[in-house]
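The block underneath contains the structure these notes are about, expressed in structure tokens.
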Amino acid sequence: MRLSVAAAISHGRVFRRMGLGPESRIHLLRNLLTGLVRHERIEAPWARVDEMRGYAEKEKDLIPKLFQVLAPRYKDQTGGYTRMLQIPNRSLDRAKMAVIEYKGNCLPPLPLPRRDSHLTLLNQLLQGLRQDLRQSQEASNH
């Protein structure tokens, strides 16, 4: 197993490196953000969606939609305007993919991923304990 030390150590970098440089990164984030505001749900690689999430309320070109549609929708909400869900990896390069959307949009809801909670270590141990207790109670009753 190879560990990537570069991913863990940032060396003063604040932002992710995306695209061909800082200007390309800004254009990429602007395009993703414009698509999110226009369509209220977009699909993109996880790293790009995660980086763009912090800017989701700051795009100035789409101010009419922000103030006429989105602002009334979130007037009672103090934060957390977007929802980010992981979707299956892209088939070509196996890139981790995500969907980001504004909460309360008119699109059909996405199914929330369910964890197989019965397969976790803690639940397996509890299930074994219950079986042992059940067997000991049956043995003491006979």
Inset, instruction - Mind jotting down the three principal axis lengths of region 15-105 based on Cα atoms? Whole angstrom, largest first. - result: 40, 29, 20
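Let's test the formula: R0 of 22 Å, r as the Cβ-Cβ distance of residue 84 and residue 114. What FRET efficiency results, to the nearest 0.05? List each step's numbers first, then the result.
Details: r = 17 Å, r/R0 = 0.77.
My answer for the efficiency is 0.85.
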Legend entry - Cβ charges +1 (Lys, Arg) and -1 (Asp, Glu), total dipole of region 56-134, debye: 80
Legend entry - Karplus 3J(HN,Hα) series, Hz, for region 39-45 with 6.51 cos²θ - 1.76 cosθ + 1.60 (x for Gly, Pro): 9, 6, 7, 9, 10, 7, x
Inset, instruction - Show the residues, 5+ positions off or on another chain, whose built amide H is closer than 5 Å to the amide H of residue 98. - result: 44, 46, 87
Legend entry - Nonlocal Lys pairs with alpha-carbon distance under 23 Å, region 15-105 (8 or more apart, or different chains): 7
Inset, instruction - Mind checking the full-extension length gain between residue 63 and residue 99? Use 0.36 nm per residue of separation minus the Cα-Cα distance, one decimal, nm. - result: 10.7 nm
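Here, each number is a calculation from the coordinates, and none is a lab measurement. All values reported here derive from a predicted model rather than from experimental measurement. Here Cβ is always computed from backbone atoms with ideal geometry, including for glycine, and neighbour counts include all displayed protein chains.
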